[in-house]
Amino acid sequence: LRVTSAAPFIVTDGEMVVLAVGAVGGWRMPTAVTQALIGRLAFTRSAAEIASDVRVDVPPTGGLRLDPHASAELVADLAKRGEVVDKDRPSFAAVQLVLRDGETLQAVADPRKPGGAELLSAGAAAAP
């Protein structure tokens, strides 16, 4: 039996969609999507900031797996708090998101993986 996680998430303000976020990456998806949601809803970060933020993952074996780009200060702070930190095995879910900031839409794909994001006007076709 193969089990996978799906992690699409849509946030609305009344009837207006203000954030749509999803990820690919197996069991790492929920952590990445949660980080993206917190980045926007608690800290009002932009789509680009959210997608490129340092990823922290909590593997089923315990401890914390950090993005190799995590600062030495972050690693030291987590270790001081008693966390077991691993930066040697980078493998994170890739986040894709679209958010509304007033009248502006921002779309972005995680820069750690190939691909990209493009906003199209209604009725427009994507370039081949």
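Which of the numbered conditions does Gly82 fail, given that it passes all the others? Conditions: (1) in contact (Cβ under 8 Å) with a residue 12 or more places away in the chain; (2) over 19 Å from the mean Cα position of the chain (by Cα).
Of (1) in contact (Cβ under 8 Å) with a residue 12 or more places away in the chain; (2) over 19 Å from the mean Cα position of the chain (by Cα), only one is false for Gly82: (1).
Looking at Ala51 and the list (1) among the small types (Gly, Ala, Ser); (2) open to solvent by less than 50 Å² (accessible area, probe 1.4 Å); (3) over 24 Å from Ile10 (Cβ atoms), which single condition is not satisfied?
Result: Ala51 passes all but (3).
If the requirement is being in a helix (DSSP H, G or I) and not hydroxyl-bearing (Ser, Thr, Tyr), which of these qualifies: Arg45, Arg28?
None of the others qualify; the one that does is Arg28.
In segment 26-39, which residues are at pLDDT 90 or above and open to solvent by 30 Å² or more (accessible area, probe 1.4 Å)?
If the condition is that a residue be at pLDDT 90 or above and open to solvent by 30 Å² or more (accessible area, probe 1.4 Å), then Thr34, Gln35, Ile38 are the ones that fit.
Can you find even one residue in segment 79-87 that is under 24 Å from Pro114 (Cβ atoms) and of a type in the set (A, V, I, L, M)?
no
Which one of these does Thr61 not meet: (1) in contact (Cβ under 8 Å) with a residue 12 or more places away in the chain; (2) more than 10 Å from the chain's Cα centre (by Cα); (3) not in a helix (DSSP H, G or I)?
(1)
Can you tell me which residue within segment 54-78, out of those that are of a type in the set (Asp, Glu) and modelled with pLDDT under 90, is nearest to Gly115 (Cα to Cα)?
So, considering only residues that are of a type in the set (Asp, Glu) and modelled with pLDDT under 90, the one nearest to Gly115 (Cα to Cα) is Asp67.
Taking Val85 as the residue in question, decide whether it is touching a helix residue (DSSP H, G or I) at 6+ places or on another chain (Cβ under 8 Å) and over 25 Å from Pro8 (Cα atoms).
For Val85, the condition - touching a helix residue (DSSP H, G or I) at 6+ places or on another chain (Cβ under 8 Å) and over 25 Å from Pro8 (Cα atoms) - is met.
From Glu118, Glu83, Glu73, which residue is outside any loop (DSSP other than H, G, I, E, B), at negative phi and open to solvent by 50 Å² or more (accessible area, probe 1.4 Å)?
So the residue among Glu118, Glu83, Glu73 that is outside any loop (DSSP other than H, G, I, E, B), at negative phi and open to solvent by 50 Å² or more (accessible area, probe 1.4 Å) is Glu73.
The values are calculated or read from the model by the stated rules, or taken from the named source; none is laboratory data. This structure is a prediction, so every number in the text was calculated from the model and none was measured. Note that we place each Cβ from the backbone using ideal geometry, even for glycine, and neighbour counts take in every protein chain shown. Protein only, heavy atoms only, side chains kept; ligands, DNA and RNA dropped before computing areas. Shrake-Rupley method; radii C 1.70, N 1.55, O 1.52, S 1.80 Å.
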